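The values are calculated or read from the model by the stated rules, or taken from the named source; none is laboratory data. The structure displayed is predicted, hence computed values, not measured ones. So basically every Cβ, Gly included, is an ideal-geometry build from the backbone, and we count neighbours across all protein chains shown. Quick note on the areas: whole protein, heavy atoms, side chains included, nothing else; ligands and nucleic acids left out. Shrake-Rupley method; radii C 1.70, N 1.55, O 1.52, S 1.80 Å.
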Amino acid sequence: MTAGRYAPSPSGRMHLGNLMCCLLAWLSAKSKGGQVLLRIEDLDTVRCPRVYADAIQDDLAWLGLAADGPTPTVYQSERSGIYQQYYDILLKKGLIYPCFCSRSQLHAASAPHRSDGQVVYAGTCRGLSDEEVARRSLTRAPAFRVQVPDEEIAFTDGHLGRYAENLARDCGDFYLRRADGVFAYQLAVVVDDALMGVTEVVRGSDLLSSTPRQLWLYRELGLTAPQFYHLPLLLAPDGRRLSKRDGDQSLENLRARYTPQEIIGKLAYVCGLQDTPDPASPQELVPGFSWDKVPKQDILLPEKLF
Ligand code: GLU
């Protein structure tokens, strides 16, 4: 049985880009007769208060996109014990090491950068002696990184096709745990999708470059990876990225101006699933849904559509 999922980070109300992702995750699962699960990605409890998680669930239900999988909503903020178990597997394999680098050291002008602008970690703290670690720990709590192999990890995205990265060259050793003990998104997302039985992940193409890292973690942890579908980003009419601070495109504002069917119909039009922006329910879109119709390039929101 196909199990899709929504995995919002509730740092604010959803915007149209988040909603496009939910609509396509729902349609992709439903077109295969599947279900959709909900996981609230609130690892950062300060940035992600429960009120937003509640608002997201209310918005999804109002739109006719409520999660309907067999497991109740999963909150990442309640699962550090589970992440610890999987973290320990990597620790036992000798793959994890403390990193004392400061932000300014990491972002030095000379540091090589990834295609998405992130710094490729140079491995500065890999191989510190136990004495050195003990000495530095007196003045600074370390974060923890995982040592990646010099290996190309390739996969076929269900929407965008083949994508590959050499982890050592293109990414570098990445964080699994912050200095304050909070586990990193990269670990939590892998453990959660696997334990929740998710079979397909639909998400924005800003996470495409995270996927080789995650596939490698699946392998190291002995977990089964889902199929991935990465979506183009939805951009404001002037080409800017939508953000939760863009009040106009937030669900709070949209709900005041439109019916659920009006919002879904306009979004389906933007996604290539309807020829006109006429109102539609999610259910009505299921028979005509196909990934082939969804654009692969970033989508510019037409002026005055919303
Ligand atoms: N929580 C992430 C977000 O809201 C999505 C993570 C994922 O889908 O893997 O952007």
Quiz item: Relative to the longest principal Cα axis of the chain, at what angle does helix 50-63 sit, 0 to 90 degrees, rounded to 10?
Solution: 30
Self-check item: Distance in nm between pseudo-label sites at residue 137 and residue 283 (7 Å out along the Cβ direction from Cα)
Solution: 5.8
Practice problem: Leaving ligands, DNA and RNA out of it, report the carbon-plus-sulfur percent of the accessible area of the chain at a 1.4 Å probe. | Solution: 49
Self-check item: GNM flexibility winner over the chain from 67, 25, 141 (Cα, springs under 10 Å)
Solution: 141
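Could you calculate the FRET efficiency of residue 243 with residue 91 from 1/(1 + (r/R0)^6), where r is the beta carbon distance between them and R0 is 25 Å, rounded to 0.05? Before the final figure, lay out the partial values.
Working: r = 36 Å, r/R0 = 1.45.
Result of the calculation: an efficiency of 0.10.
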Practice problem: Determine one quarter of the surface area of the Cα convex hull of the stretch 163-306, which equals its mean projected area, and express it in nm² to one decimal. | Solution: 11.4
Practice problem: Note down the relative contact order for the stretch 1-85 as a percent, whole number, built from C-alpha pairs under 8 angstrom at least six residues apart. | Solution: 37
Practice problem: Name the residue, out of 272, 117, 34, whose mean-square fluctuation peaks in a Gaussian network model built on the chain with Cα pairs under 10 Å. | Solution: 117
Self-check item: Å² of accessible area per residue within the chain, as computed with a 1.4 Å probe and no ligands counted
Solution: 46
Quiz item: Out of 53, 29, 134, any idea which swings most in a Gaussian network model of the chain, alpha carbons joined below 10 Å?
Solution: 134
Practice problem: Describe numerically, in nm with one decimal, the distance between label points set 7 Å from Cα along Cα→Cβ at residue 219 and at residue 103. | Solution: 3.4
Quiz item: If 292, 116 are ordered by their accessible area, calculated over protein heavy atoms with a 1.4 Å probe, which sequence runs from highest to lowest?
Solution: 292, 116
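What percent does the relative contact order of the chain come to when contacts are Cα pairs within less than 8 Å and at least six residues apart?
21
Considering only DSSP states other than H, G, I, E and B, which trypsin sites (Lys or Arg not before Pro) in the stretch 1-97 qualify as loop sites with at most 16 other Cβ atoms within 10 Å?
32, 47, 93
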Quiz prompt | Simple label model, 7 Å out from Cα along Cβ direction - residue 54 to residue 73, nm | solution = 0.9
Quiz item: How much net charge surrounds residue 125 when only other residues with a Cβ under 12 Å from its Cβ are counted (Lys, Arg +1; Asp, Glu -1)?
Solution: +2
Practice problem: List the trypsin sites (Lys or Arg not before Pro) within the stretch 160-250 that fall in a DSSP loop (any state other than H, G, I, E or B) and whose Cβ has at most 16 other Cβ atoms within 10 Å. | Solution: 178, 240, 245
Exercise. Please compute the net charge surrounding residue 68, taking Lys and Arg as +1 and Asp and Glu as -1 over other residues with Cβ under 12 Å from its Cβ.
Key: +2
Practice problem: Would you mind checking the tilt of helix 185-195 against the longest principal axis of the Cα atoms of the chain, expressed as 0 to 90 degrees and rounded to 10? | Solution: 70
Self-check item: Between 0 and 90°, nearest 10: helix 211-221 axis offset from the chain longest Cα axis
Solution: 60
Exercise. Project the alpha carbons of the chain onto their principal axes and report the range along each, largest first, in whole Å.
Key: 67, 41, 38
Practice problem: Could you grab the relative contact order for the stretch 111-207? Cα pairs under 8 Å, six or more apart, rounded to a whole percent. | Solution: 25
Exercise. Over every pair of different alpha-carbon atoms in the stretch 125-233, take the mean of 1/r and invert it; report that Kirkwood radius in Å.
Key: 15.3
Self-check item: For the stretch 146-183 and the stretch 186-262, distance of Cα centres in Å
Solution: 17
Practice problem: Name every cysteine in the chain that ends up alone, with no second cysteine's Cβ under 4.7 Å, or say none. | Solution: 21, 22, 48, 101, 171, 271
Self-check item: Residue-averaged 222 nm ellipticity for the chain, from DSSP H runs of 4+ at -39500 (n - 2.57), nearest 500
Solution: -9500 deg cm²/dmol
